[in-house]
Amino acid sequence: MESQQLGRTPYFYGPEGALVQVDFALEAVNRGSTTVGIRTNEHAILASYLKPTRPLLDPAEKIYQIDQHLGATGAGYIGDVMKLIQELRVNSQKHRLTFDSPIDVKTASEDLSAYLHQYTIYAVRPLGASVIITGKDPTGVQMYQIDPSGTYFRGSGFSIGAGSDRSIEIIQNGYRPNLSLEETVKLAKEAIKSATKDDNQVELGVVSNSSSRFEKINQVQVPSSAQ
Amino acid sequence: MTTIVGILTKDGVVLSSDKRASKGFFIGSKVTQKILKIDDTIAVAIAGQVSDAEYLVNAVRAERTLVSLQRGYPLSVRETTKLIANIAYQGMKSYQPYFAEFIIAGVDASGPHVLETDMSGALSAENFVSTGSGSPVAYGVLESGYKEGMNLEQARVLASSAVQAAMERDPGSGNGVDVVSIPNSAANEIIVRA
């Protein structure tokens with residue numbers, strides 16, 4: 001408190017023990033576009049809502065190829081998301097140079113988690129972005145979510161961004177481990193629609209046990225108003 | 001000095017070495033162990049400066065442990081070899097090379113592997129390989145004796161006779177033969193997490 005009055009270092013902990021800056025960063029993520037990830041026995045998909053842009057403006061890319069076998073998406077400040085995507089891409093190539101093998105999803109996630117954690121212990125602005133990473137490695141198809149605090153979760157259903165409370169509920173209710181790819185895509189779109197009331201502008205990426213390549217699915221439909 | 005040999009078979013891998021440590025024209029030791037265990041699935045045969053070789057093997061053993069703890073499954077034989085090659089390459093480029101050559105043999109989720117790396121950091125996968133001062137003699141035996149489809153026992157015999165032959169004609173090698181074989185069954189399966 002004293003240091004605050006001196007107007008130099010910002011505070012880290014609030015009186016309740018919460019990392020105040022990190023909580024604000026999480027709030028920034030909650031303002032981002034709705035983004036989901038669903039993993040089944042056979043495949044995993046990432047889906048992100050593309051916010052409608054004004055005419056003559058191409059929608060931003062939201063699903064990112066990280067490496068042949070890895071993909072990611074994010075919600076929050078797009079500049080911060082891009083920084084994390086770049087970090088993931090660089091780490092994936094570093095791993096190939098060091099080990100002569102593709103990075104596993106857990107290591108990719110933990111590296112990013114450690115990177116984000118650095119922003120929680122110094123007097124800097126924590127990045128206002130969460131990412132969902134998915135990919136195929138020797139342990140199968142895996143999916144992780146990483147938050148601004150550096151916390152990461154492994155799991156089969158994730159939702160971040162605006163309305164994520166509603167969309168995660170849709171995923172939890174509709175999830176089965178043996179969903180087909182079409183059903184998974186449908187579920188992801190439903191989840192996004194529940195939060196945005198619009199499922200036309202969704203970008204998708206998929207990775208499966210059989211192909212072991214992460215690929216974007218181009219399903220961005222032209223909005224009906226423009227037809 | 002030294003003769004070391006590695007052979008790849010469909011059933012696993014074999015390493016063999018002599019036991020002589022030379023100090024110039026003097027035999028420094030007659031009971032040197034030149035095949036080092038990394039874990040139950042991988043072993044390394046070393047030739048050259050013992051201190052350099054052991055340093056690299058110890059460093060890689062530590063790195064392997066850290067990586068498998070982090071990602072939850074062990075490094076493959078190739079990944080392990082690459083770690084040794086990386087350090088060797090850095091050494092060469094900074095004019096403080098590690099005077100050592102390595103034959104790395106092991107089994108992993110993708111099967112048995114024999115790889116070789118040296119002080120330049122070059123890395124190659126081989127069906128059979130030999131390094132050290134006795135290797136020209138050992139290669140004579142390996143070239144005529146190696147057959148595709150050998151079993152582990154046949155490979156053990158071939159590897160030790162290659163080292164034996166080298167010990168007969170190379171003054172840098174001698175004092176007995178060590179043989180180590182690792183069967184495919186030793187490999188750790190990667191547990192696919194649901």
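The values are calculated or read from the model by the stated rules, or taken from the named source; none is laboratory data. Remember, it's a predicted structure, so these values are computed and weren't measured experimentally. No Cβ is skipped: glycine too gets one built from the backbone with ideal geometry, and neighbour counts run over all protein chains shown. Ligands, DNA and RNA are stripped out before the accessible areas are found, and what is left, the full protein with its side chains, is counted by its heavy atoms. Shrake-Rupley method; radii C 1.70, N 1.55, O 1.52, S 1.80 Å.
Details
- Choice from B:Ile87, B:Ile46, B:Ile103 with maximal GNM fluctuation in chain B (Cα, 10 Å cutoff): B:Ile87
- Table column - 3J(HN,Hα) (Hz), segment A:12-17, Karplus curve with 6.51, -1.76, 1.60, x for Gly and Pro: 9, 9, x, x, 7, x
- Averaged over A:193-202, number of beta-carbon atoms from partner chains that fall within 10 Å: 0
- By a 1.4 Å probe calculation restricted to protein chains, A:Arg125 has an accessible surface near 140 Å², given to the nearest 10.
- For A:Gly157, the amide hydrogen comes within under 5 Å of the amide hydrogens of A:Arg39, counting only partners 5 or more places away or on other chains and with H modelled in the peptide plane.
- Helix-derived mean residue ellipticity, 222 nm - over chain A, DSSP H n ≥ 4, -39500 (n - 2.57), to 500: -11500 deg cm²/dmol
- Among the residues of A:135-144, the average count of other protein chain beta-carbon atoms within 10 Å of the residue beta-carbon is 4.
- Size of charge dipole - the protein assembly as shown - debye, nearest 20, with Cβ of Lys, Arg +1 and Asp, Glu -1, no other charges: 320 debye
- Residue among B:Ala165, B:Phe26, B:Met150 farthest towards the positive dipole end of segment B:4-186, charges placed on Cβ: B:Phe26
- Taking a ≥ b ≥ c as the square roots of the eigenvalues of the Cα gyration tensor, an a/c ratio of 1.5 or more together with a/b larger than b/c marks the protein assembly as shown as prolate.
- At least 30 Å² of accessible area lost relative to the chain alone, listed for segment B:154-194 with a 1.4 Å probe: B:Ile190, B:Val192, B:Arg193, B:Ala194
- Taken as entire DSSP H runs, the helices of chain A that both span 30 Å or more between Cα atoms along their own long axis and average -0.5 or more on the Kyte-Doolittle scale are A:78-99.
- Segment B:4-186, relative contact order [Cα under 8 Å, separation at least 6], %: 34 percent
- Sequence of B:Glu126, B:Glu143 from largest to smallest accessible area, 1.4 Å probe: B:Glu143, B:Glu126
- Cα gyration tensor, chain B - rounded (a/c under 1.5), prolate or oblate: oblate
- Sorted peptide list for A:177-189, A:194-206, criterion being average Cβ within 10 angstrom, highest first: A:194-206, A:177-189
- The trypsin sites (Lys or Arg not before Pro) of segment B:144-185 that meet both conditions, a loop assignment by DSSP and at most 16 other Cβ atoms within 10 Å of the site Cβ, are B:Lys147.
- Chymotrypsin sites (Phe, Trp or Tyr not before Pro) within segment B:76-183: DSSP coil, no more than 11 neighbouring Cβ in 10 Å: B:Tyr95
- Shape category assigned to segment B:71-120 from the gyration tensor of Cα positions, a/c cut at 1.5: oblate
- Remark: segment B:157-173, residue by residue, has Karplus-estimated 3J(HN,Hα) of 5, 4, 4, 6, 6, 5, 5, 4, 4, 4, 5, 5, 10, 9, x, x, 10 Hz, where x stands for each Gly or Pro and the curve is 6.51 cos²θ - 1.76 cosθ + 1.60 at θ = phi - 60°.
- Taking amide H as placed 1.01 Å from N in the peptide plane, the amide H of B:Thr9 sits under 5 Å from that of B:Val14, each at least 5 places away or on another chain.
- Only one residue of B:Ile103, A:Pro102, A:Thr196 has its Cα farthest out toward the positive end of the dipole of the protein assembly as shown, where Lys and Arg carry +1 and Asp and Glu -1 on Cβ, and that residue is A:Thr196.
- Sequence-separation-based contact order of chain A, relative, with Cα cut under 8 Å and 6+ spacing, percent: 28 percent
- Karplus 3J(HN,Hα) series, Hz, for segment B:185-194 with 6.51 cos²θ - 1.76 cosθ + 1.60 (x for Gly, Pro): 5, 6, 5, 7, 7, 7, 7, 7, 7, 5
- Sorting A:Phe214, A:Phe153, B:Phe25 by solvent-accessible area of protein heavy atoms yields B:Phe25, A:Phe153, A:Phe214, largest first, with a 1.4 Å probe.
- Peptide A:95-106 has a mean of 4 when you count, residue by residue, the C-beta atoms of other protein chains within 10 Å of its C-beta.
- FRET efficiency for B:Thr65 and A:Gln93, using Cβ-Cβ distance with R0 set to 25 Å, rounded to 0.05: 0.55
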